[in-house]
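Everything on this sheet refers to the single structure shown next.
Any read-out appearing in this document is the output of simple, stated calculations on the displayed coordinates, not a laboratory observation. Just so it is clear, the structure is predicted and the values come from calculations on it, not from any experiment. Cβ: placed from backbone, ideal geometry, glycine included. Neighbour counts: every protein chain shown.
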Amino acid sequence: MGMGMDERIDALKRMTGLEVAADMPLSRLSSLGIGGAADACVTALDELALASILATARKLDMPCRVIGSGTNLVWTDAGWRGVVVRLGDGFRRIEFTARSEREQQVTAGAAVIISGLINRCMEQGRSGVEGLAGIPGTVGGAVYQNSGNSDFSISDALASVTFLDLGSGQIRTASVEELGMSYRHSRFQDQPAVILSAAFKTKPMAREQILAEVERRLKRRGETQPTGKSVGCIFRNPPGDSAGRLIDAAGLKNTKVGGLRVSDKHANFMLNEGGATFRDFTELVDKVRSEVRRRFGVNLELEVTIVGGAKGNGDSEDPAVRRWKVSGEGDFH
Ligand code: EPU
């Protein structure tokens with residue numbers, strides 16, 4: 001294209017007719033509060049706006065990344081060269097559709113916050129998604145990640161997902177069986193797509209009963225997990241064990257690098273106590289990993305998603321970042 005970044009940002013504004021924020025601190029777009037800046041950040045109010053942003057950014061050679069609320073997302077210090085896209089009001093709708101006398105589906109836009117979806121279902125006396133109580137983030141992010149806890153995952157409630165296939169440019173709906181959902185995994189992690197909405201199976205249940213279940217889950221979470229700036233569990237649980245238990249047993253609670261500390265309440269959480277950087281994150285993760293490997297012979301894998309550069313780790317100037325699995329354009333969180 002031969003255009004500088006400022007010119008491209010101006011062109012993006014002009015061609016989409018949208019407000020574009022330049023030099024957006026990505027620390028604001030992650031609950032861990034770490035990250036450099038994005039060249040541009042824009043909100044897509046509906047599917048048409050989303051299509052326009054993606055097409056325009058492609059013309060301008062600006063890599064696009066669509067995100068949710070950033071509760072499982074760690075940005076690198078280098079930030080994002082291109083456009084970060086957030087989903088606006090048109091992706092916050094919740095609709096109930098009768099399938100039969102008992103069965104109803106609830107369809108939620110990708111930007112609906114999980115707790116909001118649970119509350120709406122509760123008001124309607126519909127059971128199905130309350131097992132997700134306490135999980136932060138959006139419906140789109142939770143589907144991408146197959147979010148859940150020890151006894152319930154979003155795939156247990158899911159009926160189908162509607163998404164924009166970035167390969168073909170088509171909007172498609174796939175049933176849960178087609179989405180390859182397993183522990184913290186969905187097909188969306190391997191194929192470029194933007195999740196637009198998700199439909200969940202629900203059945204009738206008394207509001208009080210749903211509320212009791214929600215409160216039980218929130219209470220348990222409050223007792224076992226810290227509040228504060230975090231992205232929840234950092235590592236995936238190895239088969240048959242808990243990463244938190246292993247890190248705790250290795251004596252690593254409270255280990256600190258820079259502004260980042262292993263929680264003393266739940267050892268699989270890292271808390272940003274102020275000014276933490278991605279470099280701190282990489283050092284602390286390395287420390288925890290090597291100690292757990294040394295003590296127990298277990299290799300911990302990251303559960304959170306790291307995003308940076310534009311094409312992933314391959315194009316990072318920073319060798320410390322290059323050896324990490326950093327994902328690039330086209331994924332959704
Ligand atoms: N444990 C320790 N020390 C710790 C943390 C845990 O000894 O510092 C022990 C606990 O006492 C318990 C066992 O480890 O015996 C399991 O702990 P917990 O019930 O807290 O569950 P978890 O396996 O650590 C998983 C999910 C959480 C989810 C909880 C609750 C993963 C990686 N983690 O944690 O998900 O909230 O179950 O259901 O799958 C997340 O994904 O961000 C997340 C927080």
Task: Environment charge of Arg294, counting only residues whose C-beta is closer than 14 Å and scoring Lys/Arg +1, Asp/Glu -1 - done: +2
Task: Structure-based [θ]222 nm, the chain - -39500 (n - 2.57) summed over DSSP H runs of at least 4, per residue, nearest 500 - done: -8000 deg cm²/dmol
TODO: Kindly write out, for segment 161-178 in residue order, the coupling ³J(HN,Hα) from the Karplus curve 6.51 cos²θ - 1.76 cosθ + 1.60 (θ = phi - 60°), rounded to whole Hz, with x marking Gly and Pro.
DONE: 10, 9, 9, 8, 7, 6, x, 8, x, 8, 8, 10, 10, 10, 6, 4, 4, 7
TODO: Work out which GluC sites (Glu not before Pro) in the chain are exposed loop sites (DSSP not H, G, I, E or B, at most 16 other Cβ within 10 Å) and give the longest gap free of them.
DONE: 104-272
Task: Debye, to nearest 20: dipole size of the chain, +1 on Lys, Arg Cβ, -1 on Asp, Glu Cβ - done: 660 debye
Task: Stokes-Einstein D for segment 205-310, Kirkwood Rh over Cα pairs, 25 °C, 0.890 mPa s (µm²/s) - done: 164 µm²/s
- [ ] Would you mind ranking Thr282, Thr173 by Cβ crowding within 10 Å, fewest neighbours first?
- [x] Thr173, Thr282
TODO: With both partners inside the chain, how many of the DSSP beta bridges are antiparallel, as a percent to the nearest 5?
DONE: 70 percent
Task: Likely footprinting exposure, Val106, Val161, fewest C-beta neighbours within 10 Å first - done: Val106, Val161
Task: Summed side-chain charge close to Arg216 - residues other than Arg216 whose Cβ falls under 12 Å, Lys, Arg +1, Asp, Glu -1 - done: -1
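Which FRET efficiency, nearest 0.05, do Lys13 and Leu302 yield, Cβ-Cβ r, R0 35 Å?
My answer for the efficiency is 0.45.
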Open item on the list: Taking amide H atoms as placed 1.01 Å from N in the peptide plane, list the residues 5 or more away in sequence, or in a different chain, whose amide H sits under 5 Å from that of Arg126.
Closed with: Met205
- [ ] Post the alpha-carbon centroid distance, segment 161-178 to segment 119-157, in whole angstrom.
- [x] 20 Å
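State the extension gain, in nm to one decimal, for the chain segment bounded by Gln209 and Arg99, taking 0.36 nm per residue of separation less the distance between their alpha-carbons.
Length difference between fully extended and current span is 37.3 nm.
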Task: Charge dipole of the chain about the Cα centre (unit charges at C-beta), most positive-ward option of Cys41, Ile9, Ala157 - done: Ala157
Task: Rg/Rh for the chain, where both radii come from Cα atoms and Rh is the Kirkwood radius - done: 0.97
Task: Ranking of Val20, Val262 by count of other Cβ atoms within 10 Å, fewest first - done: Val20, Val262
Open item on the list: I'd like the Karplus ³J(HN,Hα) series for segment 128-135: coefficients 6.51, -1.76, 1.60, θ = phi - 60°, whole numbers in Hz, and an x wherever there's a Gly or Pro.
Closed with: x, 9, 5, x, 8, 4, x, 7
Task: Charge context of Ile9, other residues only, Cβ under 14 angstrom, K/R +1, D/E -1 - done: -2
Open item on the list: Can you give the FRET efficiency to the nearest 0.05 for Leu48 and Lys287, using r as the Cβ-Cβ distance and R₀ = 30 Å?
Closed with: 0.05
Open item on the list: In whole Å, what are the extents of segment 103-223 along the principal axes defined by its C-alpha atoms, from largest to smallest?
Closed with: 45, 30, 22
TODO: Just grab the label-to-label distance for Ser168 and Lys265, each label 7 Å out from Cα along the Cβ direction, in nm (one decimal).
DONE: 4.6 nm
Task: Overall dimensions of segment 3-112 as given by Cα atoms, namely Rg and Dmax in Å - done: 16.4, 59
